Amino acid sequence: MAKKKNTECSCKNTDSLNIQPLGDRLVVKRDAAETVTSGGIYLPETAKNKPSRGTVICVGNGKLLKDGSRSELQISAGDKVLFLSYAGEEFKLKNEEYLLLREEDILAVIE
């Protein structure tokens, strides 16, 4: 099943962000941490683990290859993804926390 790729590589068209990831990098909004365990126990803020899943907000224009062309990214804006727990760089923009990841840090796309 071929998926149509989003060629828009900028977040400048969204109301919340004005950022352009470079190369094979992408901006991800991490999902909210669980506040209640499956057994019904409420977790304090210090006991919560940061989730390793989120939504891709925007993507770069692809990794630069030796011949000067760019490789097409497999991830597009709006994809729900699983990523390595300690991957990427966290940053805040307009009071929201985001992650800047490389495409290789993405483990799977959730459909």
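Quick one: count up the residues across segment 88-107 that are among the aliphatic types (A, V, I, L, M) and open to solvent by 40 Å² or more (accessible area, probe 1.4 Å).
The qualifying residues number 3.
Of everything in segment 75-87 that's modelled with pLDDT under 90 and touching a helix residue (DSSP H, G or I) at 6+ places or on another chain (Cβ under 7 Å), which residue is least open to solvent (accessible area, probe 1.4 Å)?
My answer is Ala87.
Residue by residue through segment 14-45, note down the ones that are at pLDDT below 60 and either touching a helix residue (DSSP H, G or I) at 6+ places or on another chain (Cβ under 8 Å) or surrounded by 10 or more Cβ atoms within 10 Å (Cβ to Cβ) (or both).
Within segment 14-45, Thr14, Ser16 meet the criteria.
Any idea which of (1) out of contact with any strand residue (DSSP E or B) (no Cβ under 7 Å at 6 or more places or on another chain); (2) surrounded by 13 or more Cβ atoms within 10 Å (Cβ to Cβ); (3) at pLDDT 85 or above; (4) not hydroxyl-bearing (Ser, Thr, Tyr) is the one Gly68 doesn't satisfy?
(2)
The values are calculated or read from the model by the stated rules, or taken from the named source; none is laboratory data. Bear in mind that the values here come from a model prediction, so they are computed numbers and not experimental data. Every residue, glycine among them, receives a Cβ derived from its backbone with ideal geometry; neighbour counts consider all protein chains shown. Side chains are part of the model used for accessible areas, which takes the heavy atoms of the whole protein and leaves out ligands, DNA and RNA. Shrake-Rupley method; radii C 1.70, N 1.55, O 1.52, S 1.80 Å.
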